[in-house]
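Only one structure is covered here, and it is reproduced in the block below.
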Amino acid sequence: MKCNDFLKELTDYLDGSLSEGLKAELDEHLHWCRECHVVMNTTKKTIEIYRDNKIYELPDNLRTRLQDAIMTKCKGHKSSKEPS
Amino acid sequence: METIQKKTEEGITSEMALVQAAKKGDLEAFSELVKRYDRNVFRIAQHITHNEEDAQDVVQDAFLKAYQNLEQFQGNSKFYTWLVRIAVNEALMRLRKRKTDRTVSLDEDVETEEGSMPREVADWSPNPEQLYGTSELGDILKKTIQGLPPGFRTVFVLRDVEGLSTEETAEMLGLSIPAVKSRLLRARLQLRDRLSKFFNMSKKGGD
C-alpha cells in the first residue's frame, strides 16, 4: 500500500467504517510509515478539537431574543391564515 | 396546553408527537422544537455565512419557513434533517446575496485533485489545547475553517461538529454519499494542514 492509497481511505479509517481486511492493510502501512501515522494522528486531533471546542455558540440573551422573534412571526402567520 | 402538560408528565416528548401537535396549530409544541434545535441551526448558519447578523436571520427564517411548510413535512426523514436542509439553503442564499457578483453553491471549488499528500507532517506537541488559551484557540479554529470553500466546510460541520451520519449529511445537502465522503476527506486534510501552521510554531521557534 502506498501513502496515497492510505490517504484515500483515511476518512473511513477514522470513522471505523472499513472492512476488517482493509483495516488490517492500513494498520500494516501505519506500522512502518511515520508520515502517515502523523497525518492520521493530527487529522484525528483536528476533528476532536473542532468537536470539543464548539465555536459559534449562541449566547443566552440572543437566544431568548431569537426565540421570541420566531414565535411572534409564527403567531402572525397562524392568525393571518385563520382569522379569529 | 393540556396536551403539553400530559406529554411532559410522560417524560421525553417524542419529536414526532411535537411535530404532529405543531401541525394542528399547537404553537407551544413548535416552540419546543425551536428550543431543541436553535443552537445547532445557529452554529451551522454561522459556519456557512461567516456573519452573525446573517446567521440570526437564517435561524429566524428557517424556523418560520419550517412552521409555514409543516404540512409538507411527511415524516419520512427526521424533523431535524428536514429543518437543517431548509437552514442550509437559507444560509447559502444569504452568502450569495453578500457575494452578488458570483454564485455560491456547495459545488464551488471542489474540482481539484490537489494535495494528495499533506505538506506538513510534524506531530502536534505539546497539545494545541495546552499551547493556546480558549479564546485564542477559538480564533484560530474560526480563521482556519473560514478559509475552506463552502462545500467543504458545510460537510465538515454537519459530519464532524454536529455529529450527523454520512447518509444524513448527503440527504440534507442533496449530495451523493461518495460526494460527501470525498468532501469530508478533503476538508479534514485541509483543516489539518492549515492548523499545522499554528500548532507546529513553537517547535519551529525552538529550532
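The values are calculated or read from the model by the stated rules, or taken from the named source; none is laboratory data. Only a predicted model underlies this, so the values are computations on that prediction, with no experimental measurement involved. Don't worry about glycine lacking a Cβ; one is built from the backbone with ideal geometry, like all the others, and counts go over all protein chains shown.
Would it be correct to say that B:Phe152 is facing chain A (nearest Cβ under 8 Å), closer than 16 Å to A:Thr11 by Cα and buried (at least 20 other Cβ atoms within 10 Å of the Cβ)? Criteria not met by B:Phe152. Has the stretch A:73-81 got at least one residue that is buried (at least 16 other Cβ atoms within 10 Å of the Cβ), part of a helix (DSSP H, G or I) and out of contact with any Gly (no Cβ under 8 Å at 6 or more places or on another chain)? Looking for residues that are buried (at least 16 other Cβ atoms within 10 Å of the Cβ), part of a helix (DSSP H, G or I) and out of contact with any Gly (no Cβ under 8 Å at 6 or more places or on another chain), one finds at least one in the stretch A:73-81, hence yes. Quick one: what pairs do we get from the stretch A:26-45, first residue outside any helix (DSSP H, G or I), second surrounded by fewer than 17 Cβ atoms within 10 Å (Cβ to Cβ) and modelled with pLDDT under 95, C-beta under 8 Å, 6+ apart or different chains? Short answer, once both residue conditions are applied: A:Cys33/A:Cys3.
Every residue, every condition in (1) aromatic (Phe, Trp, Tyr); (2) over 13 Å from B:Ile48 (Cα atoms), yes or no:
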position: B:Tyr132; (1), (2): yes, yes
position: B:Lys142; (1), (2): no, no
position: B:Pro149; (1), (2): no, no
position: B:Val155; (1), (2): no, no
position: B:Asp160; (1), (2): no, yes
position: B:Gly163; (1), (2): no, yes
position: B:Thr169; (1), (2): no, yes
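Listed here are the residues, each with its yes/no results for (1) closer than 19 Å to B:Ala55 by Cβ; (2) of a type in the set (Ser, Thr, Tyr); (3) not in a helix (DSSP H, G or I).
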{"site": "B:Gly151", "(1), (2), (3)": "yes, no, no"}
{"site": "B:Phe156", "(1), (2), (3)": "yes, no, no"}
{"site": "B:Glu168", "(1), (2), (3)": "no, no, no"}
{"site": "B:Leu175", "(1), (2), (3)": "no, no, yes"}
{"site": "B:Pro178", "(1), (2), (3)": "no, no, no"}
{"site": "B:Arg183", "(1), (2), (3)": "no, no, no"}
{"site": "B:Ala187", "(1), (2), (3)": "no, no, no"}
{"site": "B:Arg192", "(1), (2), (3)": "no, no, no"}
{"site": "B:Ser196", "(1), (2), (3)": "no, yes, no"}
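The single residue among B:Gly147, B:Gly115 that is at pLDDT 80 or above and either surrounded by fewer than 20 Cβ atoms within 10 Å (Cβ to Cβ) or over 28 Å from A:Ser17 (Cα atoms) (or both) turns out to be B:Gly147. Six or more apart or on different chains, Cβ under 6 Å: which pairs go from a residue in the stretch A:73-84 that's facing chain B (nearest Cβ under 7 Å) to one that's at pLDDT 75 or above? Could you list them? Short answer, once both residue conditions are applied: A:Lys73/B:Leu64; A:Cys74/B:Tyr67; A:His77/B:Gln68. A single entry from B:Gln60, B:Gln74, B:Gln68 fulfils the requirement of being out of contact with any helix residue (DSSP H, G or I) (no Cβ under 7 Å at 6 or more places or on another chain) and either free of Cβ contacts under 8 Å to residues at least 12 places away in the same chain or over 19 Å from A:Met71 (Cα atoms) (or both): B:Gln74.
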